[in-house]
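Below is one structure; the comments refer to it alone.
The values are calculated or read from the model by the stated rules, or taken from the named source; none is laboratory data. The structure presented is a predicted model; accordingly, all values stated were derived computationally and were not measured. Using ideal geometry, Cβ is built from the backbone for each residue, glycine included, and neighbour counts are taken over all protein chains shown. SASA here: full protein model, heavy atoms, side chains in, ligands and nucleic acids out. Shrake-Rupley method; radii C 1.70, N 1.55, O 1.52, S 1.80 Å.
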Amino acid sequence: MRLTPPNVLWLTDGHAEGETKLNAFDNALIAAGVGHWNLVKVTSVAPRAASVTTNPVDIEAGAVVPAVLASTVSDRPGDVITACIGIGLSATSHGMIMEHSGVGTPNDMEPVVRRMVQESFMRRGLELETIIVRSVCHTVTSVGACVAAVVLWWG
């Protein structure tokens with residue numbers, strides 16, 4: 001077990017169809033570039049001084065990888081589904097990561113995530129410097145899924 005906090009935050013997302021809800025979810029993980037790891041869902045603290053990247057991180061297949069994950073799946077053709085994730089950063093403290101997903105568009109989800117980040121900072125008495133939000137949207141054909149994630153890793 002690593003005792004130092006991760007220093008890389010990788011934002012990624014993916015969406016896909018599948019024959020079943022589980023296959024659609026797995027295909028969305030693959031599309032996001034995280035389908036070859038054992039993801040461990042973690043809560044929302046972004047380590048202080050961790051760098052944010054949109055470049056994939058190099059991690060061996062089968063590794064146990066911490067991630068904050070937003071996901072949604074639907075088997076109702078025509079549904080518009082969205083997964084959204086946001087990172088709040090501070091110059092003086094750790095940050096916070098919040099997620100929201102479901103039926104709706106990025107325009108529906110992103111304001112919710114921004115408010116959640118703001119409230120998480122306010123409740124902790126932290127100074128919010130910036131918010132980074134990432135969303136992925138999918139119109140369901142048969143069975144569809146969306147995933148938005150922040151992978152926490154060591155660079």
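Confirm whether M116 is among the aliphatic types (A, V, I, L, M), more than 25 Å from K21 (Cα to Cα), in a helix (DSSP H, G or I) and free of Cβ contacts under 8 Å to residues at least 12 places away in the same chain. Let's see the steps before the verdict.
On the way: among the aliphatic types (A, V, I, L, M): yes; more than 25 Å from K21 (Cα to Cα): yes; in a helix (DSSP H, G or I): yes; free of Cβ contacts under 8 Å to residues at least 12 places away in the same chain: no.
No, not satisfied.
If I filter segment 85-107 down to residues being of a type in the set (S, T, Y) and open to solvent by less than 60 Å² (accessible area, probe 1.4 Å), which single residue comes out as nearest to N27 (Cα to Cα)? Before the answer, list the steps.
Looking only at segment 85-107, we keep the residues that are of a type in the set (S, T, Y), and these are 90, 92-93, 101, 105.
Next, only the ones that are open to solvent by less than 60 Å² (accessible area, probe 1.4 Å) stay: 90, 93, 101, 105.
Values: S90: 34, S93: 36, S101: 17, T105: 20 Å.
Ranking the candidates gives S101 first.
Evaluate segment 38-46: report whether one residue or more is outside any helix (DSSP H, G or I), in contact with a His (Cβ under 9 Å, 6 or more places away or on another chain), surrounded by fewer than 17 Cβ atoms within 10 Å (Cβ to Cβ) and charged (D, E, K, R). Spell out the reasoning first.
So the first thing to find is which residues in segment 38-46 are outside any helix (DSSP H, G or I), and the list is 38-46.
Now narrow it down to the ones that are in contact with a His (Cβ under 9 Å, 6 or more places away or on another chain): 45-46.
Add one more test, that the residue is surrounded by fewer than 17 Cβ atoms within 10 Å (Cβ to Cβ), and what stays is 45.
Filter again for charged (D, E, K, R), leaving none.
For segment 38-46, residues outside any helix (DSSP H, G or I), in contact with a His (Cβ under 9 Å, 6 or more places away or on another chain), surrounded by fewer than 17 Cβ atoms within 10 Å (Cβ to Cβ) and charged (D, E, K, R): absent.
For the structure I just gave you, tell me whether P66 is assigned to a strand (DSSP E or B), open to solvent by less than 60 Å² (accessible area, probe 1.4 Å) and touching a residue at least 40 places away in the same chain (Cβ under 8 Å). Full working, then the answer.
Numbers: assigned to a strand (DSSP E or B): yes; open to solvent by less than 60 Å² (accessible area, probe 1.4 Å): yes; touching a residue at least 40 places away in the same chain (Cβ under 8 Å): yes.
Considered against the rule, which asks whether it is assigned to a strand (DSSP E or B), open to solvent by less than 60 Å² (accessible area, probe 1.4 Å) and touching a residue at least 40 places away in the same chain (Cβ under 8 Å), P66 comes out as yes.
Please pick out the residue among T20, T92, T4, T82 that is among the hydroxyl-bearing types (S, T, Y) and touching a strand residue (DSSP E or B) at 6+ places or on another chain (Cβ under 6 Å). Steps first, please.
On the way: T20 fails: touching a strand residue (DSSP E or B) at 6+ places or on another chain (Cβ under 6 Å); T92 fails: touching a strand residue (DSSP E or B) at 6+ places or on another chain (Cβ under 6 Å); T4 fails: touching a strand residue (DSSP E or B) at 6+ places or on another chain (Cβ under 6 Å).
Exactly one of T20, T92, T4, T82 is among the hydroxyl-bearing types (S, T, Y) and touching a strand residue (DSSP E or B) at 6+ places or on another chain (Cβ under 6 Å), namely T82.
Under 6 Å between Cβ atoms, at least 6 apart or on separate chains: pull out the pairs that start in segment 92-111 with a residue that is assigned to a helix (DSSP H, G or I) and end on any residue that is not polar (S, T, N, Q).
P106/C137; M109/C84; M109/H100; E110/C84; E110/V133
State yes or no: is E110 under 13 Å from the mean Cα position of the chain (by Cα) and either over 18 Å from L29 (Cβ atoms) or surrounded by 21 or more Cβ atoms within 10 Å (Cβ to Cβ) (or both)?
Values: under 13 Å from the mean Cα position of the chain (by Cα): yes; either over 18 Å from L29 (Cβ atoms) or surrounded by 21 or more Cβ atoms within 10 Å (Cβ to Cβ) (or both): yes.
Here the answer is yes, as E110 does meet what is asked.
Identify, by number, the condition in (1) assigned to a strand (DSSP E or B); (2) over 14 Å from the mean Cα position of the chain (by Cα); (3) within 22 Å of P47 (Cα to Cα) that V73 doesn't meet.
All conditions are met except number (3).
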